[in-house]
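Peer 1: Quick one: structure below, then a few questions.
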Amino acid sequence: MTEPAVVRPLDDHRSLRERIAARLRQAIITGDLPPKTRLVEPELARQLNVSRTPLREAIRQLEAEGFVVTVPRGGAFVRETTPRDVEDLYPIRAVIEGLAARQAAGNPDPAKRELLQGILAELAHLTADSRQYHEVSGRFHDAIVELSGNRQLRAIYQGLTQHVARMRTLTLAARGRPGVSLQEHRRIVAAILRGRGAEAERAMREHIEGAHGVLRERVQRSAGSPARKRGDQGES
């Protein structure tokens, strides 16, 4: 009788690589690993309690995603968000999320009221803590995309979310921005719950364009700083 074929186990390094990449990506998004930070493999391997092989694979993955840049003979560094990154991404966000808000307004699901108002209530208690506000704000935008019911739109949005989250960290760090964001979120929800698609789309686009302006100013100011001019290893 023929022996059954041996199925090789899943590659542990692959799953470990993904977990390492997720941890490092989150640290970059939140700013715990600031731009231009050198990723020193022995130190990171010690902190994460992993070997250097999956760590190196994770760093290569993050480089492919645009979070890390490798400088020849210099090592790997956290990549800065550049003015070009901002100008490339935010107009796309405005179109995609504006459409999501319009379509969410046409969604007849009665549960959307409780969902969106629940998130607003959370946000209202977090305006003094930009880090926690950031996390819940991301859920707010995710929820509206889900409520659009548009699978293709969701797929496109998912491809942008990690870089959007990183830029949102910079935007919400601006003084007073969480409070402004909360008021804009309330206008978006009010339009969605009234079933006013065009108004919801307009409110969402205005919200993203406002964030775009704040982000543009912060990134351009960083790009023009003396420290930035002295050393640019984080740029690609």
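The values are calculated or read from the model by the stated rules, or taken from the named source; none is laboratory data. Note that the structure is a prediction, hence the values are computed from the model and not measured. A quick note on method: Cβ atoms are made from the backbone with ideal geometry, for glycine too, and the neighbour counts reach across all protein chains shown. Heavy atoms of the whole protein, side chains included, go into the accessibility calculation; ligands, DNA and RNA do not. Shrake-Rupley method; radii C 1.70, N 1.55, O 1.52, S 1.80 Å.
Peer 1: Which residue, of Leu123, Leu147, Leu182, is open to solvent by less than 50 Å² (accessible area, probe 1.4 Å), of a type in the set (A, V, I, L, M) and over 30 Å from Glu80 (Cα atoms)?
Peer 2: On the way: Leu123 fails: over 30 Å from Glu80 (Cα atoms); Leu182 fails: over 30 Å from Glu80 (Cα atoms).
One residue alone meets the criteria, Leu147.
Peer 1: Got at least one residue in region 82-92 being touching a helix residue (DSSP H, G or I) at 6+ places or on another chain (Cβ under 8 Å), open to solvent by 60 Å² or more (accessible area, probe 1.4 Å) and either more than 17 Å from His212 (Cβ to Cβ) or part of a loop (DSSP other than H, G, I, E, B) (or both)?
Peer 2: No; the residues of region 82-92 include none that is touching a helix residue (DSSP H, G or I) at 6+ places or on another chain (Cβ under 8 Å), open to solvent by 60 Å² or more (accessible area, probe 1.4 Å) and either more than 17 Å from His212 (Cβ to Cβ) or part of a loop (DSSP other than H, G, I, E, B) (or both).
Peer 1: Might you check whether a residue that is farther than 30 Å from Gly197 by Cα, under 21 Å from the mean Cα position of the chain (by Cα) and at pLDDT below 95 occurs anywhere in region 3-17?
Peer 2: Our first condition is that a residue be farther than 30 Å from Gly197 by Cα; within region 3-17, this holds for 3-17.
Those still in the list that are under 21 Å from the mean Cα position of the chain (by Cα) too: 17.
From what's left, at pLDDT below 95: 17.
Scanning region 3-17 turns up at least one residue that is farther than 30 Å from Gly197 by Cα, under 21 Å from the mean Cα position of the chain (by Cα) and at pLDDT below 95.
Peer 1: Being surrounded by 14 or more Cβ atoms within 10 Å (Cβ to Cβ), assigned to a helix (DSSP H, G or I) and touching a residue at least 40 places away in the same chain (Cβ under 8 Å) is the filter here; which residues of region 96-118 pass it?
Peer 2: Ile96, Glu97, Gly98, Leu99, Ala100, Ala101, Arg102, Gln103, Ala104, Ala105, Lys112, Leu116
Peer 1: Taking the residues in region 18-42 that are in contact (Cβ under 8 Å) with a residue 40 or more places away in the chain and among the polar types (S, T, N, Q) as candidates, determine which candidate is farthest from Val69 (Cα to Cα).
Peer 2: Residue satisfying both the conditions and the ranking: Thr30.
Peer 1: Follow-up question, since we're still on this one. Given the criterion more than 23 Å from Leu115 (Cα to Cα) and not in a helix (DSSP H, G or I), identify the matching residue among Arg175, Arg216, Arg166. Give the steps one after another, and end with the answer.
Peer 2: Working: Arg216 fails: not in a helix (DSSP H, G or I); Arg166 fails: not in a helix (DSSP H, G or I).
It is Arg175.
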